[in-house]
Structure formats: structure tokens, C-alpha cells
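Below is one structure, written out as C-alpha cells; the observations come after it.
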Amino acid sequence: MNRRKLATGGALSLILMAMFAFAIACGGTEVREVEVVKVVEKQVPVEVVKEVTVEKIVIQESIKEVPIEVEVVKEVLRTEIVEKPITKITTKIVVATPTPADASAEVIVPAGTFNGAIANYSPITGWGPSCTACSQLVGASVGEGLFTTARDETGGIGLSPWLVTEWEVSSDGSYSDFTIQEGVQFHQNFGEMTAEDVVWYFNLINTNSNPDSKHDTGVQIFDLEISEVLEPYKARFHWLGYGGYTLMQEFTDLQEGVEVLSKRAFEEKGQEWMADNPPIATGPYEVQKWVDDEEIRLIAVPDHWSKTPYISRVSILHVGEASTRRAMLESGQSHAAEIGLKDMPAMVADGYKLAPEIIQGHHNLSFNGNYWENIHASTGEALERTRDTSVPWVGDPYEDGDTYSADTASMVNSQKVRKALTQAIDRQLLADTVLSSLGWPITVGHMATDDPLYLKYGADRWSIPYDPAASNALLTDAGFDGGEGLTPRVWTGPSGTAVELWDAIGVMWQTDLGITAEFDRTDYYANHRPAIVARTSTQIHSACCGGMGLWPMEWSYTSGNYPGGYGVGIETPTHTRLLALKKSTSEPEAVEALGVEQFDFLHETALHTGVARYPAGAMYNPNTVMWETMRPYQWGKMGGLRSFEHARLLE
């Protein structure tokens, strides 16, 4: 390998690296061991202490009401595994919740315009089931979720209610009852939100209750079977599975938030009107304009039930070129912007600041087209799938008959091709050059390198050596001697760090294996997402989405939310089995074993592996704007610009 081909310039100073490392640490997911549940009884009971394990989550203190005839249970956090769901007693959880400001509070009159610039955003619609990018709404403060997350004084991330005030979990974990916040108003004078709106909307966008839904976040609430109205401000959610992860993973904006839209708007205006107009949501901002490749314009909601914004208008421009976004921030045209990784150290040195929350961007290697299920994961019905084995990395486990076999010719050869391409990537070189020593190599997709599961197993168990000689031997065995006849087709997206990484990987493959990759740089929603949703994609891509190692990310490798739902481009019966088991068990050792089995499977088959991680997010000018707080997040949306109601202009 000619390492000089990837050289990127001078070394960073130790001071800048220290500053940057500190900023990253402040935006991490450190967890402290704290007591999370206080049990209150009318009589003095006998206290029994048990450990209930969670994975990197700090839950805010809450109150349990427990029948006097049963034991009082005090739950204590551990960080190694996952939280054990409550299955022995019915609990009523009452927590501090945002309420409208009282008369003595600060009177806020929104003023001024916030200007931002980001690399891209996605189109939206006001009709939930057809909105494939509504996950942007909660981060943009247009929508609000049932729950959110917040950091405590230690930096740990905790579950916090938003559109609910309290909730109860049934003794067998089969349902939860949610009390809905009163006084929440929909945009455009469509009235107060009630349980009718919550139930109608969740049943509308959830693929378990509406298989035709294409709502990008609705298809990820995989634990919810259906919901029903109990009282005007109380809803019951019936679960297909319920675990310690359920509320945090599926119902907050830590990954992708789920908004609530107005049922009255649908009843009065109809589906077509909603599809042609901005979402009728409940957030501190409402959409005034959302034009693809041009501008998002938001306007503040005065006297908002939870948090009236300081800033009257928000304008977010689509600016594809990283150098232009930097120039706009430096010239004062923007208060904040999505800044390229290579520009961050210099910007920090010049006094610009990283947003209060940033994330670990991740670059994976996912081989689409391997649709190995023939039975629908949710319905049990027969699946029709095209497995195009002319694509070198695609295998067909049924080519010899109706029984799944990992030993068919295409399964064996495609695995060799995938492993060859995976091993012919010098991850450390990418981190040192393309990522300017600000990123780090990874070999496991989905999971962060500071995740407890990775720290326990990953470094040795899931390592991938850089070994071009072994890669060439595998290609020869698979019938592609010298790379002849092999052309990797890769979706890169139009711009950004991912494109730079793919370009460098292409150089490595060409230099070491003699193959030339073809890159698809179209927009995500132009071709790539429709193909992965339809389960027709056979491209290689960097895939979605980071998460906790023991959370059930298996959902994205199954046919469970087909048709309409997201998938990484891979479906396997192994992931369907592991997902079902993970949702049905609460024993920490069993959950850990299932998590390890999933990553063992991905590593052995080389279906989805890691390449690199790096800091990603926005930067701002501290002389012109500041955030009082920003909600934590894991998945990048809108360039890291979010929580606008907590931003103040300083000009």
C-alpha cells in the first residue's frame, strides 16, 4: 500500500487535540451508578434490595406505589448489561415533568432570527404514514415525543417525560398506561392534544398496527402492538415485548424521536390536505417553509406549554460544500453550522465552539442484497425475495432447495468476497489521514468502542486485521483472481466525511486488489432509501445506525417491518430469532449472550462490519449565540443543529 496517496497534511497541535478530546468527552455517554427508584409505602415495610441491570442509562429518580402485601423492591443500577424490566409487581412511576410557566417566571417574547447552514436535510410531509423523514421534527423542536432524555449533574443520560406525566407498567409487562400532559396545543389552532390524538397517531404510523406505514420512526417502535384510549388523558400501549431499553430506545429522541400530529386536522381537512401541508405538531416551533435543497424556516410558538423560544425565527440553509459552510460561520452569515471534521481543530483554535451535544459518526461496511429470510418475521407468511447471486457479495441459502443452508455455493463464495473486501481496508491509516487523527478505527458496526459489551469482548474477539495477501487469496478462491470481474458498487451519499472515506477505501481496493469501485453519490432519498425499504438494493454502503451493544438493533436486519419499514439491506433468520429472544428475556447473562451471538454472526459472515468512528456535529460562534441546554442524541440529523427553543441570540 502506498500510504502517501492518502496523506492529508500537517499534524495537529497537542493543545488542540486536548481541547477537542475534552469536548468529545463532555458529549459522551458516561454513566454513573445511582439509585433510581424510591419506593414509598403507607406502612413501614421490609426492604429487599436487588440489582436490576441496565446498559449505560441513568434513569431519573421516581416513585413506585406498591401494594402493601408484597415486598418492596429497591432497584439499583449497574452498567454492565441491560435493565431488567419490571415483571413481578405493578408500578406507578411519577416523575418531575415540564409544566407551563407560572406568573412569576420570566416572560419570554421571541425575537430575532437564527441562521444555520447544514450539508443536507430530507423532505417531509404532514401525513405521518408517508413521512419517511419525520424523525427530523423532534430534533428541530417542531414535534415533541412522549419521552426525551437529559443529562444529570454527572453527565449521565436519563429518561425524562415530555408529553406524558406518569406511567404504569403491568405486572406481566404486557402493557403500559400513560397519563398525557394536559394543556398541550397543536399548531395552527387545531386544539388541545388528548389521548385520542396519541392513540390515533401511533396506531397510524406503527407498522404493527398499520403495515402500510412508511414513517421512518414509526417503523422502529417494534415493541408496540397497538394502543387504545382509556380516558381523555390516558392511553394504554399493548406490547409485543417490553424491556429496560423500550422507552429509551423507541420513544425518545436519543435515536429518532416520534412526534404526535393532530387527529382533528385529519378529520377536518383530510389526508390529502395534511400531505400537502406542514405537520400539525405540538413543538415550540412550527414549520413555515421546508423546501428541499433550499431552506427550512421555522417560526416560534408564543406562550408554548413547555418552553417558549427566545428566538422568533429559525432559518436553516442547505449548503452542500463544507468550505462554504465554514466561510458562512466565519463571516457571520450563520450563527452555527455543520462543520467538516478536518476544519474543526482550526475552528476551535479560533474560538468557535462545538455544540453542547455532538455524536460519534460511524462508517460501516454493509453488503446489501443478502435477503436470507423466506418467512416474514412478524406475520409468519411466505416471503418473496430476489437474491441476485450474480452480485459477488450476495448469497442464496435456498438455491439448493427450500431448506436454509449456509453451505450453498453462492453463500460460501459471497462470504469470501465480503471478507476479502473487509480485510483490504487499512483502518488505522484512514483514521490517521482522512480523519486527521481525530477518528479511530473500528471493526464492529452499530456499537461504540466505549460500549461495555465492546470493552469486554471486542478488541480481540471481533478484530479484523489489514491483510491484503489474505484478501487476494480469498478472491482467487471465489473465482476473482486478481480482482478480475469484481466491481464493488457503493452508495456513498453526495458529500461529507463518508464520501472521503469511501474514496480512500476505493484507492486501497484498487491498489491492493486490482479492483475499481463504482460510487453512487445520489441523495439518500433519491434512490438508496427506496431500494432498501423495498428490499431490492444490492449496493454496498456505510449503513445506519449506532446504538447500545445490548439494545435490540437486530430489528434492522429482519423482515419484521416490511413492507414500508427501514432495513439495512440485509435480512437473516438469525437476527429474527435473536430479536425474539432478546425481547422475551430479562436475565442479564442471557441478554449478554444474545448480544455476543449477534456480533459473532455479523463478524463471521462479514455482512456488516465497522470501519471508523469520528466526532460529528455542529459548531457555533459563542459571541453571537448560546444554548442553555441541548437534548442528547446518537443519530445525526440536521447537521447536529437542534433544541432551538433553548438557544439565545447574543447580538
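Here the peptides 258-270, 526-538 are ranked by packing, the mean other Cβ count within 10 Å, and the order with the highest first is 258-270, 526-538. Our estimate of slack between ARG461 and ALA349, defined as 0.36 nm per intervening residue step minus the Cα-Cα distance, is 36.4 nm. Kindly state, to the nearest 0.05, the FRET efficiency for ARG577 paired with GLU268, given R0 = 51 Å and r defined as their beta-carbon distance. After rounding, the FRET efficiency stands at 0.65. Roughly how many whole Å is it from the C-alpha centroid of the range 148-196 to that of the range 366-403? The distance from the Cα centre of the range 148-196 to that of the range 366-403 comes to 40 Å.
The label-point distance for SER437 and LEU649, in a model that sets each label 7 Å from Cα toward Cβ, rounds to 4.1 nm. Protein heavy-atom surface of the range 117-176, 1.4 angstrom probe: 47% of the accessible area is carbon and sulfur, with nucleic acids and ligands not counted. Spacing of the modelled spin labels on THR113 and GLN188, each 7 Å from Cα toward Cβ, amounts to 2.3 nm. Measuring between their Cα centroids, the range 257-304 and the range 473-509 lie 42 Å from each other. Taking a point 7 Å out from the Cα of ASP600 in the direction of its Cβ, the residues of the range 394-409 whose backbone N falls within less than 20 Å of it are 405-407.
Only Lys, Arg, Asp and Glu carry charge here, each on its Cβ (+1 for the first two, -1 for the last two); on that basis the range 493-651 has a dipole of about 500 debye about its Cα centre.
Pairs from the list LYS342/LYS416; LYS234/LYS307; LYS269/LYS583; LYS263/LYS582; LYS307/LYS342 with a Cα-Cα gap above 30 Å: LYS342/LYS416; LYS269/LYS583; LYS263/LYS582; LYS307/LYS342. Residue separation of LYS289 and SER331 scaled by 0.36 nm, minus their Cα-Cα distance, works out to 12.6 nm of gained length. Placing R0 at 45 angstrom, the Cβ-Cβ distance between THR624 and GLU225 gives a FRET efficiency of 0.40 after rounding to 0.05. What separates the Cα centres of the range 322-354 and the range 605-629 is a distance of 13 Å. Say a paramagnetic label sat at a point 7 Å from the Cα of GLU381, along Cα to Cβ; which residues of the range 546-580 have their backbone N under 11 Å from it? Answer for this model: 563. Between SER495 and PHE519, the modelled labels are 1.4 nm apart [label points 7 Å from Cα along Cα→Cβ].
The values are calculated or read from the model by the stated rules, or taken from the named source; none is laboratory data. Keep in mind that what you see is a predicted model, and the values were worked out from it rather than measured. Note that each Cβ is placed from the backbone with ideal geometry, even for glycine, and that neighbours are counted across all protein chains shown. Only protein heavy atoms, including side chains, enter the accessible area calculation; ligands, DNA and RNA are left aside. Shrake-Rupley method; radii C 1.70, N 1.55, O 1.52, S 1.80 Å.
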